[in-house]
Amino acid sequence: MRRPLSTGPFATTVGNRDESTVVTFQHVTKIYQKKNVGLEDVSIHIEPGEFVSVVGQSGSGKTTLAKLIIAEERVDKGRIIIGGWDITHIKHHEVPTLRRQIGVVFQDFKLLPKKSLFENVAFALEVAGQSTRSIRTVVPQLLKIVGLEQKIDRYPDQVSGGEQQRVVIARALAHRPKLLVADEPTGNLDTINAQEIISLLKKINEFGTTVVLVTHNREIVNMLRKRVITLDHGHVIADQRSGKYLL
Amino acid sequence: MVTLGRMIVFGVQTFWRNIWLSLVTVLIVTLNLFLMSVVLGLNVVGQQTLTAVKERVNLSVYFTATTSEDRVETVRQELLARPEVESVDLISRAERLELLRRSQGQSNLINAAIEALGENPLGAGLIVTAKTLDGYNAIARFLQSDRYETIIEDTGREFETNQTVINRLTLIVGRIQGASLWLTLLFGLIAVLMVFNAIRVTIYAHREEIGIMKLVGASDAFVRGPFVVTSLLYGLLASLFTTIIFVPILTITNPFFSQFFAGYDVNILGYVQQHLWQILGLEVVVGCGLSVLSSLFAIGRYLRV
């Protein structure tokens, strides 16, 4: 069941919601078992159209932050507001609605090997109940955006790692999200492919989509010259408007 | 509708992509459904036999030769007024004599004896049929009362013999029913476990796809639906196969049953042919019901959405 746009994230009707930010973390704390700190008292505001890199060493809480945004994890303290929707205590059945409005890109691609590139992108629209006609129109457009219009019938194992990640980005864009969360999207790629993916993310950002890039790739962060939030042991230790990789 | 259609397509794809697992599951569910059908069939046969035997039971009342027809008719009306009585048929004195002659094969000895007596020595008779088997005892007690002692020759002896046979048959049929209930439950449980395991393996094989479905915003129903569709296919195919193999096997074995139940109104093949659609419907309901039930258990246990 698709949540009505007026009550979902990035709602067009404002009401009493804070529409000036896409992502708001208010004193968010997430503690895993055995008192393992994911995030502790983290407050972040990400505005529409921003390109934000979240950096930090392994275990700093980067992936926890990404998982909290897509409601894969729940907070222990604090509040999370995504596009005006307080998802702190989001109900289980509301999670699909949230995820259909946030594009997600992961390091390990998460493509279905037995489906073609077209089918992989179409899959995101199929599960959301889009019509077949609409899928046939939208998917080639998405694959064209990521430069794979010539390879729509190929299977994931027939294209390079960089191309696979581009398919994932195309899939993430399928629902025309206002927010794209990319968790280590270049982690499995060589330098050239990594640069291409970052260029693609920049291009998407230029079209108005807010991008949250979780990475520990120093070169990429320094090259971007965009906002950088640095995490360390679950705490925000730096938030620079046009920053560099600090650690 | 689009979502439902896609759930069905994904369910069929899941069935097809795991074709060997699907075939083995369908085969074993078919086997169990078949055994359940055989057990339930035996139950039906037992019931039919019991009904056929019960239908043959009646209570014969014979009056003395001196009892007038009016008196016999009065007793008949009194019997018909009793709540346990279904029907009372009158056998006249002449009819009784004719029956006796026929039963003795027009014996010369009988004819000679009757001629010597100079008149029909037999009284009229009544054939009493009760609504239930239990009713015969009450009717017999009613006819053994003092007011009928002088006019009724013999009552209930034949019924008592039948009663013993029926009691034994009822006991056997009851035991068959009890055993068939347990066997049906056992075969049903095996079918449930088979589908449960098949769905569990399928969920494991599709864990990556399930994870991606959830990531891209598939609803719980959309993630779970295809597995329910797959299990429905198991049940549907198994019930169809069961019905398809059940009828020819019954056709082949029917002469044996006909011979066994000679003289009784028990026709198993006829019963199946007459109720084929109901039997198929029952197979589908049971097969699909068990499959869906077990898939829901497996989904609840192994598919965290």
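The values are calculated or read from the model by the stated rules, or taken from the named source; none is laboratory data. Because the structure is predicted, anything quoted here is derived from the model rather than measured. Cβ coordinates were reconstructed from backbone atoms using ideal geometry, including for glycine residues, and neighbour counts include every protein chain displayed.
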Inset, instruction - Determine if region B:228-245 includes at least one residue that is touching a residue at least 12 places away in the same chain (Cβ under 8 Å) and within 14 Å of chain A (Cβ to nearest Cβ). - result: no
Inset, instruction - Test A:Lys178 against the stated conditions and say whether it is more than 24 Å from B:Phe10 (Cβ to Cβ) and within 19 Å of the chain's Cα centre (by Cα). - result: yes
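When you scan region A:98-124, how many residues do you find that are under 25 Å from B:Asn18 (Cβ atoms) and either of a type in the set (A, V, I, L, M, F, W, C) or more than 19 Å from the chain's Cα centre (by Cα) (or both)? Can you show your working first?
Our first condition is that a residue be under 25 Å from B:Asn18 (Cβ atoms); within region A:98-124, this holds for A:108-124.
Pick out the ones that are also either of a type in the set (A, V, I, L, M, F, W, C) or more than 19 Å from the chain's Cα centre (by Cα) (or both) and you get A:109, A:111-119, A:121-124.
Qualifying residue count for the region: 14.
Out of the residues in region B:188-224 meeting the condition of being of a type in the set (Ser, Thr, Tyr) and in a helix (DSSP H, G or I), tell me which one is farthest from A:Glu73 (Cα to Cα).
Going residue by residue through region B:188-224, those that are of a type in the set (Ser, Thr, Tyr) are B:202, B:204, B:219.
Among the residues that remain, those that are also in a helix (DSSP H, G or I) are: B:202, B:204.
Numbers: B:Thr202: 26, B:Tyr204: 23 Å.
My answer is B:Thr202.
Within region A:116-163, count every residue that is of a type in the set (S, T, N, Q) and under 20 Å from B:Phe222 (Cβ atoms).
5
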Legend entry - Tally, over region A:175-202, of residues that are in contact (Cβ under 8 Å) with a residue 24 or more places away in the chain and under 30 Å from A:Gly129 (Cα atoms): 14
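Give B:Leu143, B:Leu215, B:Leu117, B:Leu181 a once-over and let me know the one that is within 30 Å of B:Glu78 (Cβ to Cβ) and either at pLDDT below 85 or surrounded by 15 or more Cβ atoms within 10 Å (Cβ to Cβ) (or both).
Working: B:Leu215 fails: within 30 Å of B:Glu78 (Cβ to Cβ); B:Leu117 fails: within 30 Å of B:Glu78 (Cβ to Cβ); B:Leu181 fails: within 30 Å of B:Glu78 (Cβ to Cβ).
None of the other options fit; the residue is B:Leu143.
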Inset, instruction - Being touching a strand residue (DSSP E or B) at 6+ places or on another chain (Cβ under 7 Å) and surrounded by 14 or more Cβ atoms within 10 Å (Cβ to Cβ) narrows it down to one of B:Leu80, B:Leu59, B:Leu97, B:Leu40, so name that one. - result: B:Leu59
Legend entry - Pairs with Cβ under 6 Å, 6+ apart, first in region A:121-133 and more than 7 Å from every other protein chain (Cβ to nearest Cβ), second part of a helix (DSSP H, G or I): A:Val121/A:Val139; A:Val121/A:Leu142; A:Val121/A:Ala170; A:Val121/A:Arg171; A:Ala122/A:Ile135; A:Ala122/A:Val139; A:Leu125/A:Ile135
Inset, instruction - Just give me the residues in region A:98-120 being more than 9 Å from every other protein chain (Cβ to nearest Cβ) and free of Cβ contacts under 8 Å to residues at least 40 places away in the same chain, in sequence order. - result: A:Ser116, A:Phe118, A:Glu119
Inset, instruction - Of the conditions (1) within 14 Å of another protein chain (Cβ to nearest Cβ); (2) closer than 22 Å to B:Asn197 by Cα, B:Thr3 clears all except one; give me its number. - result: (2)
Legend entry - Subset of region A:224-242 (residues that are more than 11 Å from A:Phe51 (Cβ to Cβ) and either surrounded by fewer than 18 Cβ atoms within 10 Å (Cβ to Cβ) or free of Cβ contacts under 8 Å to residues at least 60 places away in the same chain (or both)): A:Asp232, A:His233, A:His235, A:Ile237, A:Ala238, A:Asp239, A:Gln240, A:Arg241
Legend entry - Close pairs (8 angstrom Cβ cut-off, 6 or more residues apart or separate chains): more than 17 Å from B:Leu31 (Cβ to Cβ) in region B:276-305, of a type in the set (Asp, Glu) anywhere: B:Val305/B:Asp220
Inset, instruction - Take A:Val95 and decide whether it is within 12 Å of chain B (Cβ to nearest Cβ) and under 18 Å from the mean Cα position of the chain (by Cα). - result: yes
